[in-house]
Amino acid sequence: MLIKDWLNRSRVIAFSLGFIFLFIILTCLILSRSDFVDPNGLIVFADFRTLWSASYLVTHGRAADVYDPSVLNSIFWSLDPYRLEVNSALVDPQNIPVRFVWLYPPTYLLMMWSASLLPFATACIVYLIATFTAYVYVIKKNFSDNVMVLVLVAFPGVWMNFRLAQNGFLITALFGGALLLLPKYPRLSGAFIGALCIKPHLAMMWPVALLAIGAWQTLFSALATGLFFVGASVYFFGPELWEGWFSSLYLARQILETAQFHWNYSPSVFAFMSLLGAPLSLAYGAHIAIVILLILIVWKVWRSNASWPMRQSILVFASLLVSPYIMDYDLTLLALPIALIATQGMKYGWLPSERRMLALLWMLPILMVVLASATSFQIGPIVILVAVFTFLRRAMINQQNDC
């Protein structure tokens, strides 16, 4: 049976509510663990716990230790979730498990330095509520249909981000805000783009798009904002923190090139090739070739008279494939093209395979991890690449010229 015949409005609502109910159950199970460690030994909200630990070091005058894994993990394992203190008695200083590292640039720490001013549990709840609210607001501005908002609240990418208390909601809000503001408020849009310097590898396609349309005000505003973040981080934390970050890039590369577990969660061309057993040179070569292709596609689409929502969607897809260091929680960004393309389809009609592709993109954050873990085959970059070419047809049809 065709998906267009089966997936009607009532089933979409029921399916979305089912996923939300499942998320609520999983959240209750998570919160029932007072130590934030599940029975399997997995750390709940692990990424925010790492952030809180880095913030703790900064606020206690130890910013230079943020990129030292042994020091960071000593804080990570000994923090009290409900108090503003670290209990060193909880860990053996001679046997601290070094499982987590801080790889973000100091610009992100500049934005989040105050996290440890609240107890970990409180800070995490505040962080998730604030960033999820920003995520929903951006989606709502893109799509006023409440059913579509419900679909994107139930989006599996939401759970993949939530389980780690990652920054996917924040990145989606900044990226989506930049897209929304660009036509009428180019300088403010640039400020949002510049703020993406907290996770710069997801902003690398923006210059291509902005140069293609000659958006110089936006480009200069983004550059100025990024430089402000860099300068402020040097002023408050000192240049040593940047030295630590540059040194940590070697560790990031080691993780990228050797951690098969990482590849199961990474929808990159590099991870796809690595899981197939390709040598490093071939994996990098294939990844670079796809990036060059995507640069040409983004340039062509943004130079054309394609509709504004389709330009935005192609940019998001390309941004998710440009870096080899991309993870499942980063796919929260897919909420933007799902909303934008659904808007176009409902307004102008659907082209062949578009609804199937949107359904596949919606399931991708979970589906790719399950399949990669079971078969060592990473479908993430394949699906996103196919999506690029599926929706490129619509992008080249001049249905609506908002620019």
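Determine whether the range 49-57 contains at least one residue that is at pLDDT 75 or above, crowded, with 21+ Cβ neighbours inside 10 Å and more than 25 Å from Trp159 (Cα to Cα).
yes
Yes/no per residue for (1) of a type in the set (Asp, Glu); (2) part of a helix (DSSP H, G or I); (3) under 21 Å from the mean Cα position of the chain (by Cα); (4) more than 30 Å from Met346 (Cβ to Cβ):
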position: Ser74; (1), (2), (3), (4): no, yes, no, yes
position: Cys124; (1), (2), (3), (4): no, yes, yes, yes
position: Tyr135; (1), (2), (3), (4): no, yes, yes, no
position: Met148; (1), (2), (3), (4): no, yes, yes, no
position: Asn161; (1), (2), (3), (4): no, yes, yes, no
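Within the range 314-369, the residues that satisfy the criterion of being closer than 16 Å to Val151 by Cα, β-branched (Val, Ile, Thr) and over 13 Å from the mean Cα position of the chain (by Cα) are Ile338, Ile341, Thr343, Ile366. With respect to the conditions (1) surrounded by fewer than 24 Cβ atoms within 10 Å (Cβ to Cβ); (2) touching a strand residue (DSSP E or B) at 6+ places or on another chain (Cβ under 6 Å), Pro119 lacks only one, and its number is (2).
Per this entry, Met310 is not counted among residues that are more than 24 Å from Ile213 (Cα to Cα) and either crowded, with 16+ Cβ neighbours inside 10 Å or within 20 Å of the chain's Cα centre (by Cα) (or both). Within the range 216-246, the set of residues being within 17 Å of Val316 (Cβ to Cβ) and of a type in the set (A, V, I, L, M, F, W, C) comprises Ala222 only.
All of Leu320, Leu280, Leu336 fail the test of being touching a Ser or Thr at 6+ places or on another chain (Cβ under 7 Å) and of a type outside the set (Asp, Glu), apart from Leu336. Within the range 76-105, being modelled with pLDDT under 80, over 19 Å from Leu117 (Cα atoms) and not in a helix (DSSP H, G or I) holds for Val91, Asp92, Pro93, Gln94, Asn95, Ile96, Pro97, Val98.
Results for (1) within 24 Å of Thr131 (Cβ to Cβ); (2) hydrophobic (A, V, I, L, M, F, W, C), shown as yes or no for each residue.
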site: Met310; (1), (2): no, yes
site: Ile314; (1), (2): no, yes
site: Pro324; (1), (2): no, no
site: Asp330; (1), (2): yes, no
site: Leu334; (1), (2): yes, yes
site: Ala342; (1), (2): yes, yes
site: Gly349; (1), (2): no, no
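Within the range 181-190, the residues that satisfy the criterion of being in a helix (DSSP H, G or I), touching a Phe, Trp or Tyr at 6+ places or on another chain (Cβ under 9 Å) and surrounded by fewer than 23 Cβ atoms within 10 Å (Cβ to Cβ) are Leu181, Pro186, Arg187.
In the set Phe270, Phe246, only one residue is without any contact (Cβ under 8 Å) to a residue 60 or more places away in the chain and over 22 Å from Phe389 (Cα atoms); that residue is Phe246.
Kindly provide the set of residues from the range 329-363 that are of a type in the set (D, E, K, R) and at pLDDT 95 or above, ordered by number. Of everything in the range 329-363, just one residue is of a type in the set (D, E, K, R) and at pLDDT 95 or above, namely Asp330.
So that you can scan it fast, the table gives a plain yes or no per residue for (1) under 22 Å from Ile213 (Cβ atoms); (2) touching a His at 6+ places or on another chain (Cβ under 6 Å); (3) of a type in the set (Phe, Trp, Tyr):
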position: Thr332; (1), (2), (3): no, no, no
position: Thr343; (1), (2), (3): yes, no, no
position: Ala372; (1), (2), (3): no, no, no
position: Ser376; (1), (2), (3): no, no, no
position: Phe391; (1), (2), (3): yes, no, yes
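The values are calculated or read from the model by the stated rules, or taken from the named source; none is laboratory data. No experiment lies behind these values; they were computed from the predicted model shown. Cβ atoms come from the backbone with ideal geometry, glycine included; neighbour counts cover every protein chain shown.
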